[in-house]
Structures are given as structure tokens and as C-alpha cells.
Amino acid sequence: MLSQRRAWTDVENLTVNGTPMDSPVQAPISPRTARNCPARRTYAGSGVGMASAGLHSDRGGDFAILDAMTHSPIDIAEKLSQFSEPWSPKTVARLNDYEIKVVKLRGEFTWHTHQDTDELFLVTKGQLTIQMHEGNVTLEPGQLFVVPRGIEHCPITDGEVHAVLIEPTGVVNTGDAGGPMTAAQDDSLT
């Protein structure tokens, strides 16, 4: 049985994409990670080596679980203020194999289905109705709803709505419907 105990290590002279950090960082590491060669580990489960991700130390090793780029909170309202086009989700963070996206919604979208995944909507501003053949769901700020995989749905609003979406990496906003409302992958806010 693996120990759930965590150790702490001081990471000095850390650089992120070639830029030195201002001060040493104390990072939690598992005993197992401490025994293994960090250079063989991957970054945030992505399959990308730490060196490829831009995290380096003057000790010659790469760091497996320290992601110095996430030491600041993400301000959802600030991210939403950076664009105006509706129905164009923007990725603001990643969680394992999922993308956290912000989106502005206005009017009616297209009826579509995601055959292989559920889709989470969390409203932060306005009122969103998710039309489904099984019945509509209306969301107010602070409310969320998960559309189950395979359920045809169509978001609709009376005014502008701000929302957070959580879905697997690579999910297309129009699902199986395609068409002119299909948005390109947009990582500009990450």
C-alpha cells in the first residue's frame, strides 16, 4: 500500500519557460516521487516531460508535480471581459483530460448532441435555458446542470449569459451538428 504521506521539498532557482522565479518555492512531493528520477516523470499527467513544459531547476532535474504557472487564481469575470463574441468558448484552465472554458451566450444556439461525453454548464451571469426533448432546464447565476451524453440539447438565452463549461479536451461546441456556429479551439486565455 502506498503511503498517503506527503513530504516537502524546497525548489530553488526555478525557471518557468526560461524566466527565473522571484523566490524559492516549497512544493509537496510524495515519497514515491522523491525516490524516482524526476526527469522521467511527466507534467500534470499530460505525457509531456517537465523540460518540454518549461519547468527547470539549476539542480539539473525537471519537476513532476510542481506547476508554478498555477500559483495564481483564475478570475473568471476578468477572463470573460477579454472577449465579446458569443458562442465561442475559450479555455482558461485544464484539469486532467478536461478543459475549463468560459463562454458568452446570446440568443439561440443549434440543436446538437455529444455522443461520447456529458457537458457541464455553470452560469455566472444571466439566465440560461437548456432546451431538451425530455424537458427544459433553466439556470440562474450560481447554478449548474450536466447534460448527459447522447441527449440532444439547445441552449437559449433572452440576453447575454456568462457561463463556465467543463468538458473533455477536444470537444466541439456543436457536437455532431457541425455548421457555422462551430467554434475553433481557443487557448488564447490560458
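Worth pointing out:
- Counting Lys and Arg as +1 and Asp and Glu as -1 over every other residue whose Cβ lies under 9 Å from the Cβ of K101, the net charge comes to -2.
- Between the beta carbons of V137 and H71, assuming R0 = 45 Å, the FRET efficiency works out to 0.80 to the nearest 0.05.
- Each Lys and Arg Cβ is given +1 and each Asp and Glu Cβ -1; about its Cα centre, the stretch 76-168 then shows a dipole of about 320 debye.
- Placing unit charges on the Cβ atoms of the charged side chains and taking the dipole of the stretch 68-190 about its Cα centre, the candidate lying farthest along the positive direction among V172, L80, M132 is L80.
Laboratory data are not the source of any read-out in this text; all were calculated from the coordinates shown. Every value quoted in this text rests on a predicted model; they were computed, and no experiment measured them. Positions of Cβ are generated from backbone atoms using ideal geometry, with glycine treated the same way; all protein chains shown enter the neighbour counts.
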